[in-house]
């Protein structure tokens, strides 16, 4: 049980620390935030795509016995999130031209919760293998989550969430890592076959948000300077994921 309590401690530290570190963004004034958010949204697009295609999907393919099933799950996830967005818009918006109610926020939180759930499983698995490996995995998860959480804060505020709600909802979605750690510890063998597909479904949410929601919004500004800044920050977001992955390996 010593290992179990170590797992819970490091998962709790990882989930809380990443959100608290990223929440520093919420302390700045509204005027500064309005200038920072467009930049962070571009950065978030890079981190979402980078996390999906560079980290999560390759890992899912490695863990799966059938790469074709991983790709089918990715396609299914994208379609499911498209339908989900339509359903949420239909539930909350009764005008055909309503632009206020955006479903991207719940999808971001749902995808982030799934991702954190997998992080909890990964940490539990590595601690079972060895305590030093578990500590290293925990540090890697924190390093990976901080830029993602910053991007999530930017997106949620951009979609009309208050700072308080963005913080609370992000904290709740991060807490699913604890559930993942418990599942990973007590149901390790039976749950292993599902891990690549849960991971792929989470990646699908990131891909859908980036391609269907963020990038079309960024394309509204087509002047050279804005485009150059957007491209640069997207590249920085992708490069962040590449750097974190290489360092964690």
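Scanning region 18-27 for residues that are in contact with a helix residue (DSSP H, G or I) (Cβ under 7 Å, 6 or more places away or on another chain), surrounded by fewer than 17 Cβ atoms within 10 Å (Cβ to Cβ) and modelled with pLDDT of 75 or more yields a total of 1.
Counting only helices (runs of 4 or more DSSP H) that sit wholly inside region 150-249, those with at least 1 residues that are touching a residue at least 60 places away in the same chain (Cβ under 8 Å) and over 21 Å from residue 81 (Cβ atoms) are 163-186, 188-191, 224-248. Kindly establish whether residue 127 is buried (at least 22 other Cβ atoms within 10 Å of the Cβ), over 20 Å from the mean Cα position of the chain (by Cα) and in a helix (DSSP H, G or I). Criteria met by residue 127. Is one or more of the residues making up region 214-236 modelled with pLDDT of 90 or more and under 16 Å from the mean Cα position of the chain (by Cα)? Taking every residue of region 214-236 in turn, at least one turns out to be modelled with pLDDT of 90 or more and under 16 Å from the mean Cα position of the chain (by Cα). When restricted to residues that are free of Cβ contacts under 8 Å to residues at least 24 places away in the same chain and assigned to a helix (DSSP H, G or I), region 1-37 contains 11.
The values are calculated or read from the model by the stated rules, or taken from the named source; none is laboratory data. What you see is a predicted model; the values in this text were computed from it and never measured. Note that we place each Cβ from the backbone using ideal geometry, even for glycine, and neighbour counts take in every protein chain shown.
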